[in-house]
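One structure is given here, and the rest of the page talks about it.
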Amino acid sequence: MDKRIFRISLTAALAGFLFGFDTVVISGANQPIKELWGTNWFLGDSLFTFHGIFIMSMALWGTVLGSLFGGVPTDKLGRKKTLFWIGVLYFLSAVGSALAPEAYSFSFFRFIGGVGVGASSVAAPIYISEISSADNRGRLTAMYQFNIVFGILIAFISNYAIGSLFSSEVSWRWMLGVEGIPALIYAMFVLNIPNSPR
């Protein structure tokens with residue numbers, strides 16, 4: 001296997017790490033946000049709460065949108081530029097969520113992170129498949145899926161470590177904000193990969 005193609009594919013596949021991290025990191029913020037902003041009220045006579053439908057699942061709504069329409073920027077801007085902007089969305093989501101003063105801005109930033117998650121599920125595998133040869137395509141593209149699971153694992157470890165270091169009033173903000181570091185690194189790495197043949 002060409003080492004250069006492997007490194008390029010691994011860089012693109014790190015979008016999967018951010019996918020997994022972003023999806024799971026919210027678990028550490030669940031209870032503190034509920035208590036801080038009093039979001040656990042019911043919507044009408046249903047069993048659905050504002051906290052569940054709006055706060056906790058907003059990134060998932062963004063993921064649906066990003067996965068449905070992620071092919072549009074991938075075709076219009078190109079795969080590399082789309083991967084870069086996905087990194088930017090992850091970064092903005094992490095920092096914005098960590099600094100959010102109330103529930104609505106928090107949900108907005110979680111939503112744009114979700115759009116990045118959904119778009120990465122389209123753009124990264126496409127990019128990797130286009131730069132790899134036929135005999136290595138499956139192996140290289142699978143790195144994206146591996147990185148999703150790895151990101152999930154690291155998010156749980158990160159939440160545990162941060163929860164041990166800070167009080168619950170501020171720990172959730174650090175849990176969410178720390179994603180900004182790998183997101184920024186990822187975006188800078190993507191600037192150094194070539195455009196795919198398409």
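The values are calculated or read from the model by the stated rules, or taken from the named source; none is laboratory data. For clarity, every value in this text was computed on a predicted model and none was experimentally measured. FYI the Cβ positions are ideal-geometry reconstructions off the backbone, even for glycines, and counts take in every protein chain you see.
For (1) in a helix (DSSP H, G or I); (2) of a type in the set (A, V, I, L, M, F, W, C), each residue gets a yes or a no:
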| position | (1), (2) |
| --- | --- |
| L60 | yes, yes |
| G87 | yes, no |
| F109 | yes, yes |
| D135 | no, no |
Exactly one of these conditions fails for F17: (1) surrounded by 14 or more Cβ atoms within 10 Å (Cβ to Cβ); (2) modelled with pLDDT under 90. Give me its number. (2)
Which of the residues spanning the stretch 70-101 are in contact with a helix residue (DSSP H, G or I) (Cβ under 9 Å, 6 or more places away or on another chain) and closer than 20 Å to L36 by Cα? S93, A94, V95, G96, S97, A98, L99, A100
Checked L60, L68 against criteria (over 18 Å from F109 (Cβ atoms), of a type outside the set (G, A, S), surrounded by fewer than 20 Cβ atoms within 10 Å (Cβ to Cβ) and at pLDDT 80 or above); the one match is L68
List pairs: first residue in the stretch 57-74 and closer than 19 Å to I148 by Cβ and touching a residue at least 12 places away in the same chain (Cβ under 8 Å), second residue among the acidic types (D, E) and surrounded by 14 or more Cβ atoms within 10 Å (Cβ to Cβ) anywhere in the structure, Cβ distance under 7 angstrom, at least six positions apart or on different chains. A59/D22
Which one is surrounded by the fewest Cβ atoms within 10 Å (Cβ to Cβ) among residues in the stretch 36-52 that are modelled with pLDDT of 75 or more and in a loop (DSSP other than H, G, I, E, B)? G38
Of the conditions (1) touching a Pro at 6+ places or on another chain (Cβ under 9 Å); (2) farther than 19 Å from I148 by Cα, the single one that L14 does not satisfy is (2)
Here the qualifying pairs (Cβ atoms under 8 Å; residues six or more apart or on different chains; first in the stretch 163-190 and under 18 Å from T82 (Cα atoms); second charged (D, E, K, R) and in a helix (DSSP H, G or I)) come out as V190/K80
Output yes when any residue across the stretch 157-180 is charged (D, E, K, R), buried (at least 21 other Cβ atoms within 10 Å of the Cβ) and not in a helix (DSSP H, G or I), and no when none is. yes
